[in-house]
1. Restricting attention to the stretch A:491-521, which residues are polar (S, T, N, Q) and surrounded by 19 or more Cβ atoms within 10 Å (Cβ to Cβ)?
2. Can you find a residue in the stretch A:268-280 that is polar (S, T, N, Q), surrounded by fewer than 17 Cβ atoms within 10 Å (Cβ to Cβ) and within 30 Å of A:N157 (Cα to Cα)?
3. Name the pairs whose Cβ atoms lie under 8 Å apart, with the first residue in the stretch A:258-284 and within 27 Å of A:T239 (Cα to Cα), the second in a helix (DSSP H, G or I) and among the acidic types (D, E), and 6 or more positions between them or separate chains?
4. Which of the helices (runs of 4 or more DSSP H) contained wholly in the stretch B:1-94 include at least 2 residues that are within 30 Å of A:L443 (Cβ to Cβ) and more than 9 Å from every other protein chain (Cβ to nearest Cβ)?
5. Which of the residues belonging to the stretch B:1-26 are of a type in the set (A, V, I, L, M, F, W, C) and modelled with pLDDT of 90 or more?
6. Take the stretch A:439-462 and flag every residue that is assigned to a loop (DSSP other than H, G, I, E, B) and aliphatic (A, V, I, L, M).
7. Say we look at the stretch A:459-478 and pick out the residues that are within 14 Å of chain B (Cβ to nearest Cβ) and at pLDDT 90 or above; which of these is farthest from A:S338 (Cα to Cα)?
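The values are calculated or read from the model by the stated rules, or taken from the named source; none is laboratory data. Small disclaimer: the values here were computed from a predicted structure and weren't measured. Methodologically, a virtual Cβ is constructed for each residue, glycine included, from the backbone with ideal geometry; neighbour enumeration extends over all protein chains shown.
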Amino acid sequence: MAETMLAADGTPLKRSLSRALRRQKLRALGLIAPLLFFVLITFIVPIASMLFRSVENEIVSNTLPYTVEALAEWDADQSDIPSEATFQAMFFDMFLAAEAKRHTRLGTRLNYETTGLSSLFRQSGRQLGDVADISYEPLTGLDKAWDDGETWYTLMNARDATDTALMAEQRKRIAKLTDKEASGTVNFAPDAEVAALLPLAAREYTAWAIYVATQDGRDPAARDPWEAMAPALLIDLKTADISGYSGPIADMLRAAQDTDLPVADFTAAFTEMDEDWGTKVPWETIQTNSSKYTSGYFLNAVDARKTAEGVAWQPDNKQILIKLFGRTIWMSVLIMFSCIALGYPIAWLLANLPRRKANLLLILVLLPFWTSLLVRTSAWKVMLQQQGVINDVLVWIGLVADDNRLIIINNQFGTIISMTHILLPFMILPMYSVMQTIQPTYLRAAKSLGATNWTAFWRVYFPQSIPGIGAGSILVFILSIGYYITPEIVGGTKGVFISNRIAYNISSSLNWGLAAALGSILLAAVLVLYWAYDKIVGIDNVKLG
Amino acid sequence: MGLPPYATLGQRIWYYGFRVICGLIFFFLIAPIVVVMPLSFNAQDFFTFTPEMLRFDPAGYSLKHYVDFFTNPQWQLAMKNSLIIAPIATVISVSLGTLAAIGLSQSHVPFKGTIMAILISPMIVPLIISATGMFFFYSSLGNWMENTLGLDKGLVGYIKVILAHAVLGIPFVIITVTATLVGFDRSLTRAAANMGAGPVTTFFRVQMPLILPGVISGSLFAFITSFDEVVVVLFVGSASQKTLPWQMFIGLREQISPTILAVATILVAVSIVLLTTVELLRRRSERLRGMSPS
C-alpha cells in the first residue's frame, strides 16, 4: 500500500498538519484571551454576583448565630413561645449585634417578611443594657473590682493552655457579623481551663476582645468589657463547679457564686421590652428565614411571602409587582405594535424608492438613532408638558381649550409615545433590509395574474416581509422591557416599568435582595427572547448603522 | 414606482395619501429633535415658545443658556468627566476588541459560539440589569482597590466607571471589526509573511490599514456608548464622576433648566458629525473591499 506521506521536515504529514492546526487554535485563543478575561471579570462576574445575591440570605444566621441554633429544635405548631434558653441566646446575640450596630440591618431584612420587625429590633436594641444591669449592678456592688477591665482580662487570658478552637470560632462570628475581616492580631487568647469552667462567659469575652481589637483597633487588656459579661458570668456560676479552680481571682469567683446574685429572666425581660417578643411571630420569622439561601426575595418579587405554613400570596390590593410585570409586558407590546404600524410604511417606501432618494430619507431615520437618548427624552419632555409644544399647538389651532390642556406626560401615554419614537429606528432598519431583498417582479406577476393591489400585497408581498417584522419586533420588545431612563422621566407613577422598580429598590428602599431577584427574572425573560431572536434571525446578523 | 399615466382616481388618492402618511411619520421622527434647537435660544427660562419667539422678535432669543453651559461649574465638571471617561473606555474596548476580533475571525476557533455569546452579552443584557450587577460587584471592587492597593478614592471612582463603560462598548467593536474582517483576504498576510514581515509588522502595515474603517466605526460606537450612557454611571459612579448624561438626567428629573436644551443641541450637532463619519467610513470600507458602495 501507499507509504505514509511525509512533510518537508520528515514528520508524517498528518501529524505535521494537526500540529499546525493546534498552533493556529492556540494563537486564536491567545488573541481572544485578554478580552475574554476582561469581560468575565468586569461583566459576567457582576451579573453572577447579582444572581447570587437574589438567593443569598446569610444575614440572619450571621447576626443571630446562637439564636438560630437554639431555634432549630423549636416547633411553632407544637409548642408555645420558644424556651428560656432561646431567649438567653437571643440576648447575647442581640447585645453583640447592637454594639456592632448591625441589629437594625437585620430588622430591616426581616421586615421584608413580616412588617413591624424593623421597629421591634431597633427599640429592643436600645433596652438591652437595662437587662444586663440586672446582673451587672449587684456584681459590681459585691466587689468593685468587677468594674475593672483588668480583673476580667486576668481571669480570661490564657496561662498554660489556649482554647484555640474557641478563638477561631469567635473570630469567624465577628467577621460574619461585621462583614469585615477579623483576622488581625488580638492581644488576648482564651484560657482553656476557664473556658471549660465558664463556657458562656469565656465565649462572650473572647467575642468582645476580638471585636474591640479588630474592629475598633484597641487593646482589650486596657478596656472594660460590656455589661453583658455580668449576666454571662452569673449564668455560668449557677452550674459551674469551681471548687477545683485555683487560678487568678478564684476568691472573687467563689464569693460571687456563694452570694447567689440575680440573673434576668430573659423571657420576661424581652416580653417587657416589647410584648411582640411574647408571641410566636418574630420567632417564626427568624426560624423561617434562618437558612443561608432563601427563595424569599423571588417570592417577594412575585408578591408572595414565605411563612411558617408555606407560601402566602399578598392580598390583592398589595400585589404591586405582579401588576408592574404585567404592565411592563403590556406596554412593551403596545410600543412594539406602534413601531410596526409606523415602521412598515417607512420601510416599504425606503425599499421601493430609487437608491439615491432612499439614502437621503434614510438619514431621517438614522439621525434619531444616533442622537443621544437623553436628548430625545428631554425633547419629549418639552413636547408633552402641559405648557409644552403639543398642547400649545392644539390650543393655537383651537382643538383644545386653554384651561383644559391635555395631560399627556407622567402617564402611560407619555411613556408609549416617547418610547415608540426612540425605538422606531430599531424596527425600520431590519424591516428595510428584508424588504430590499423582495423582488418587485413578484408583485407585478401577481397583478398580471389578476390580483388586485390589496391581494397582491397581502398574499405575495406581506408574507415575504414577515422575517423583517419578526426581527424588528423582538428587538424592540427586548429593548423596551428593560428600559429605565425614558419611563423615569416621562412616565410619572403610572407609566413606569419593572426596571424603575429595580432602581428604586437599589437606591431608595435599599432592598438589594429584592432588586437582584427582580433583575434575575427580567434577565431570564430577556435571555429567552434573545434565544428566540437567535433562532429566527441569528445574532451574527446583527448589523449596526 | 412612479404613478402610471393610466392610474385611476382611487390609485392616485392612495399614491398621494400614502406619501402624506409617510411624511407624517418622518415628521414624527424628526420633529422632537428639531423642536429642541430653537427652544435652546430662548431668552426666558421656559421650556416653551414665548410670544416673542413666535413673532421672531430678536429680544426673544439669546445665547444665555449656552453661556450658562460653558460657565456653570456643574456642567463643566460633567463635560470634563465625559471627556475623560469616554476616550479612555474607548481605547480599552477598541484595543482589546480588535485583537479578539482578529482571533475570532481565524478559521479554527474552539468554542467560538460560547466565546461570541459572552463577548456580545453586555449589549444583550438590559442596562438596568448590568447596572444592578455592577453596583454590587464594583462597590466591593472599589473597597478592595482603596484598602488593599491604597488608591485614591477619586481615582478608584474613575477606574470603576471606565471599566464599566469599556465593557459596554466591547460588543460594538467586536461586531463592526468582525464584519470588516469577513471580507479580508487572508492571502495578503501570507504574502507579507512570505516577503519576510514578522506578525507585528504584518498587522500594522498590512492588516490594520485595511480593517481601519471598521476599527474606527467600532470605536465611534464604543465612544458614543460611553458618552451617552447614564444608567450604569448612576449606579457605579459617585457625584464627582458625574457625566453629561447624568447631569441632564438629574436636571430632567428634578427641576429642569433650559441649559439642558442647549446641551441637547450641541449633542445633536455632535451626532450629525458622527453619523456622517460612520457613513463615509462604511463606503470607503466597501470600496476598499471591492464591493460597490450602496
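1. Within the stretch A:491-521, A:S499, A:N500, A:N505, A:N511, A:S520 qualify.
2. Taking every residue of the stretch A:268-280 in turn, none turns out to be polar (S, T, N, Q), surrounded by fewer than 17 Cβ atoms within 10 Å (Cβ to Cβ) and within 30 Å of A:N157 (Cα to Cα).
3. That search, which allows pairs on different chains as well, returns A:D265/A:E84; A:F266/A:E84; A:T267/A:E84.
4. Qualifying helices (runs of 4 or more DSSP H): B:9-39.
5. B:I13, B:F18, B:V20, B:I21, B:C22, B:L24, B:I25, B:F26 - these are the residues of the stretch B:1-26 that are of a type in the set (A, V, I, L, M, F, W, C) and modelled with pLDDT of 90 or more.
6. A:L449, A:A451
7. By that ranking, first place goes to A:Y461.
Here's the yes/no breakdown for (1) within 14 Å of chain B (Cβ to nearest Cβ); (2) aliphatic (A, V, I, L, M); (3) touching a residue at least 12 places away in the same chain (Cβ under 8 Å):
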| residue | (1), (2), (3) |
| --- | --- |
| A:F37 | yes, no, no |
| A:I44 | yes, yes, no |
| A:N57 | no, no, yes |
| A:N62 | no, no, yes |
| A:V68 | no, yes, yes |
| A:S83 | no, no, yes |
| A:A89 | no, yes, yes |
